[in-house]
Amino acid sequence: MIEFRNVTKLYPNGCIGLQNATFKIEKGEFVFIVGPSGSGKSTLLKLMLREEVPTEGEVYVNEFSIHDMPRREVPYLRRGLGIVFQDFRLLPNKTVYENVAFAMQIVEAQPKDIRRQVPVALALVGLSKKAKVYPNQLSGGEQQRVALARAIVNNPSVLLADEPTGNLDPETSWEIMNLLDEINQRGTTVVVATHEKSIVDQMKKRVFNIERGIIVRDVQEGNYSNED
Amino acid sequence: MKIRTMKYMVKEGFINTQRNLLMSLASVSMVIASLLIFGLFLMLIINFSYNLNRLKAQMEIVVFLEPDVTQLEADSIELKIKNDERVLAYVKKTKEQAYAELLQIYLEDAEILEGLSPDFLSPSFTVHLKNVDDSAAFTEEISKLQGVEDVSYPYESLKKLSTVLNWINAGSMVVLTLLLVISVSIIANTIKLTVYARRREIEIMKYVGASDWFIRWPFIIEGVIIGFAGALTSFILTSYLYNSLESYVNSHTLEYGISDLIKLVPLGNVSGQIFIIYAIIGMVMGSVGSVISVRKHLNV
């Protein structure tokens, strides 16, 4: 469960990140956040994972209140979130398996749990056969699937994706979006910031349109924009 | 923290140290340089206070009585010394004994003593105290007694030596602080390189929910490894140099016949303490350096 109440984010350089945003995303929802570059999509996601703190208003993610949360609790917030980026952010000197296992090691998971969960996550993204391969031997789509596996291996209740298909060709983008949908079917709340008009239009999910920091539209089963 | 996690941290720490081997070595040599200079001062202090204490322990207080002291006065002074709890032992020397001693000394130039009779000499008590620190008070009290002419005690020169020792102490503290600051900043820079090399890893760790300490530990261990390596090397160097110095000094003091006066502390007596001091300073420098350099990167 994610809730924003009258949230405003101003950056120190005077830029407006988000203006008076109020919304609620229920558990198990799939939400697209769309809008032009610099409109505030990333700010919205950064507020959810507490990379940024709201200037005004209240932000709730799972059981955490982001707006008045001590720094030392941030790791525990993030253990309930899976995060995927446009540029994958894999560790080049670790294999696919190690990259996914790393996410479990650093939250001090039991080795037997790591041995059990990592193959499950890799199977879900269809990369079981590439477990021993290094990221630079994979295509962009495959690398993003590894990143997805890493994001879900700790069974987060929320998955945040910031332009996950920004570096991928249309066909691969569809693969990734379908994977996100599949993850959502299994009960995970998914929030995706994206530019992919055709995908948003076809998937018929809830859509937020952001322009200059303001959420101008919030529709269920919506299109990328109002035009059609 | 779980043992498994600890193993991971130590392993990562060693990997980090190797990754920037050249810079690590540079930091190690800086630690060595600092500790060697510090060690010079440390050994100076240790030897100075060792010799000062030996001197103090050898010091005897000589109580000279007036030449015409009455038997009663002399007895009462002796009684006073005898019953004083601070006194370890004392030797009584009568006029006649003092005269006999002089005769011994000037055996060949007996004419010097012509006209001198035991009556001109003072009887004296030579006193050894249990605790040297009581000397000043004891001297003060005894000199006030009726019939005491003079109490000799090299109090002033001991005081001067103590002052010198204090100055050396203060000086070494200043030097040590300066060296510590320099070494810490050099170690911090070395570790900054590792942190920079691993910034993506740190970022990912932060996003996946690693705690600050989980991220910090491998770097602290890297710093501790650097500090400890430096401490160990400088300990070996110090021991070697000190050993050579010790044998040099001992042979020369024997040659000049002052081996009773100046004596270097045998290395074996202090090597354990020196090693511990070095190791603590080295490892503290290392870990402080790492904490400084990781701090900035934790705010993701």
*Between helix B:155-197 and chain B: long-axis angle, C-alpha atoms, 0 to 90°, nearest 10*: 10 degrees
*Would you work out if the range B:37-163 is rounded, prolate or oblate? Take a ≥ b ≥ c from the square roots of the eigenvalues of the alpha-carbon gyration tensor; rounded if a/c is under 1.5, else prolate when a/b is larger than b/c, oblate otherwise.*
oblate
*Go ahead and collect, in residue order, the members of the range B:6-48 whose backbone nitrogen is under 11 Å from a label point 7 Å along the Cα-Cβ direction of B:Leu193.*
B:17-28
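With the Cα gyration tensor of the range A:1-44 giving a ≥ b ≥ c as the square roots of its eigenvalues, does the rule (a/c under 1.5 for rounded; else a/b larger than b/c for prolate; else oblate) give rounded, prolate or oblate? Mind dumping the intermediate values first?
On the way: a/c = 3.14, a/b = 1.60, b/c = 1.96.
Taking the square roots of the gyration eigenvalues as a ≥ b ≥ c, the range A:1-44 is oblate.
Rank these residues by their accessible area, most exposed first, probe 1.4 Å: B:Tyr196, B:Tyr278. Display every interim value, and only then the final one.
Numbers: B:Tyr196 130, B:Tyr278 0 Å².
Listed by decreasing accessible area, they come as B:Tyr196, B:Tyr278.
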*For B:Ser117 and B:Ala137 in one chain, what is 0.36 nm times their gap in residues minus the Cα-Cα distance, to one decimal in nm?*
3.8 nm
*Across peptide B:26-37, how many C-beta atoms of other chains are within 10 Å of each residue C-beta, on average?*
0
*Once both axes come from the Cα atoms, what is the angle between helix A:170-185 and the longest principal axis of chain A, in degrees from 0 to 90, rounded to 10?*
90 degrees
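Per residue, how many Å² of accessible area does the protein assembly as shown show with a 1.4 Å probe? Write down the numbers at each step before the final one.
On the way: 26820 Å² over 528 residues.
Per residue, the protein assembly as shown has 51 Å² of solvent-accessible surface.
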_Could you give each residue of the range B:229-237 its phi-based ³J(HN,Hα) in whole Hz, using Karplus coefficients 6.51, -1.76, 1.60 with θ = phi - 60°, and x for Gly or Pro?_
4, x, 5, 4, 4, 5, 5, 4, 4
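Over the Cα atoms of chain B, what is the Rg over Rh ratio if Rh follows Kirkwood? Intermediate results must be reported in sequence, preceding the final value.
Values: Rg = 31.1 Å, Rh = 24.5 Å.
Result for chain B is an Rg/Rh of 1.27.
Taking beta carbons within 10 Å but only from partner chains, what does the mean come to for residues A:105-112? Please list the in-between numbers first.
Working: counts 7, 12, 6, 8, 1, 2, 1, 0.
Taking all residues of A:105-112 together, the mean is 5.
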*Could you work out how far helix B:199-208 tilts from the main Cα principal axis of chain B, as a 0 to 90 degree angle to the nearest 10?*
70 degrees
*Enumerate by residue number the trypsin sites (Lys or Arg not before Pro) in the range A:121-173 meeting two conditions: DSSP loop (anything except H, G, I, E, B), and at most 11 other Cβ atoms within 10 Å of the site's Cβ.*
A:Lys132
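Pick out, in residue order, every one of the trypsin sites (Lys or Arg not before Pro) in the range A:168-220 that is DSSP loop and has at most 15 other C-beta atoms within 10 Å; say none if there are none. Intermediate results must be reported in sequence, preceding the final value.
Numbers: sites: A:Arg186, A:Lys197, A:Lys204, A:Lys205, A:Arg206, A:Arg212, A:Arg217; in loops: A:Arg186, A:Lys204, A:Lys205, A:Arg212.
Taking the range A:168-220 and a limit of 15 other Cβ atoms within 10 Å, the loop trypsin sites (Lys or Arg not before Pro) found are A:Arg186, A:Lys204, A:Arg212.
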*How long, wide and thick is the range A:19-135, going by the Cα atoms along their three principal axes, in whole angstroms, largest first?*
47, 33, 28
*Dipole magnitude of the protein assembly as shown about its Cα centre (Cβ charges: Lys, Arg +1; Asp, Glu -1), debye to nearest 20*: 3680 debye
*Name the long-range amide H neighbours of A:Leu159: under 5 Å, sequence gap of 5 or more, or other chain; modelled H, no Pro or chain starts.*
A:Gly82, A:Thr189, A:Val190, A:Val191
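Which percent, to the nearest 5, of DSSP beta bridges fully inside the range A:119-228 are antiparallel?
On the way: 5 of 10 bridges.
Once the DSSP bridges in the range A:119-228 are tallied, antiparallel ones form about 50 percent.
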_Give me the dipole magnitude in Debye, nearest 20, for chain A about the Cα centre, with unit charges on the beta carbon: positive for Lys and Arg, negative for Asp and Glu._
860 debye
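Quote the FRET efficiency, to the nearest 0.05, computed for A:Asp169 versus B:Met6 with a Förster distance R0 of 45 Å and r equal to the Cβ-Cβ distance. Present the calculation step by step, with values, prior to reporting the outcome.
Numbers: r = 45 Å, r/R0 = 1.00.
My answer for the efficiency is 0.50.
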_Please give the charge dipole size of the range B:39-109, origin at the Cα centre, charges +1 on K and R Cβ atoms and -1 on D and E Cβ atoms. Round to the nearest 20 debye._
540 debye
*Do you know which residues of the range B:190-225 lose at least 50 square angstrom of accessible area in the protein assembly compared with their chain on its own, with a 1.4 angstrom probe?*
B:Arg200, B:Glu201, B:Ile204, B:Tyr207, B:Val208, B:Gly209, B:Phe214
*Distant-in-sequence amide H partners of A:Phe208 (H built 1.01 Å from N, under 5 Å)*: A:Phe32, A:Ile33, A:Val34
*Along the charge dipole of the range A:136-228, which of A:Leu168, A:Val191, A:Ser157 sits closest to the positive end, that is, farthest toward it, with unit charges on the beta carbon of Lys, Arg, Asp and Glu (+1, +1, -1, -1)?*
A:Ser157
_Farthest toward positive dipole pole in chain B [+1 Lys/Arg, -1 Asp/Glu at C-beta], among B:Gly147, B:Ile204, B:Met43_ = B:Ile204
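What does the buried accessible surface come to for A and B, summed over both chains, with the probe at 1.4 Å? Round to 100 Å².
By this definition, chains A and B bury close to 2100 Å².
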*Please list the non-local residues whose amide H lies under 5 Å from the amide H of B:Arg198, H modeled 1.01 Å from N, same-chain partners needing a gap of 5 or more.*
none
*Stretched out fully, how many nm does the piece from B:Arg19 to B:Val249 gain, at 0.36 nm a residue minus the Cα gap?*
78.3 nm
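Could you work out the mean projected area of the convex hull around the alpha carbons of the range A:151-227, in square nanometres to one decimal?
On the way: hull surface 22.7 nm².
Reported value for the Cα convex hull: 5.7 nm².
Could you give the length gained on full extension between B:Asn83 and B:Ala100, defined as 0.36 nm per residue of separation minus the Cα-Cα distance, in nm?
Numbers: separation 17, 0.36 × 17 = 6.12 nm, distance 2.83 nm.
So the chain would gain 3.3 nm between B:Asn83 and B:Ala100.
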*Within chain B, what is the longest stretch that has no trypsin sites (Lys or Arg not before Pro) placed in a DSSP loop and near at most 13 other beta-carbon atoms within 10 Å?*
B:145-300
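With a ≥ b ≥ c taken as the square roots of the eigenvalues of the C-alpha gyration tensor of the range B:54-120, please select rounded if a/c is under 1.5 and otherwise prolate if a/b is larger than b/c or oblate if it is not? Don't skip to the end; give the middle numbers.
Numbers: a/c = 3.47, a/b = 1.48, b/c = 2.34.
Cα axes put the range B:54-120 in the oblate bin.
The values are calculated or read from the model by the stated rules, or taken from the named source; none is laboratory data. The structure presented is a predicted model; accordingly, all values stated were derived computationally and were not measured. Cβ: placed from backbone, ideal geometry, glycine included. Neighbour counts: every protein chain shown. Ligands, DNA and RNA are excluded from the accessible area calculation, which covers all protein heavy atoms including side chains. Shrake-Rupley method; radii C 1.70, N 1.55, O 1.52, S 1.80 Å.
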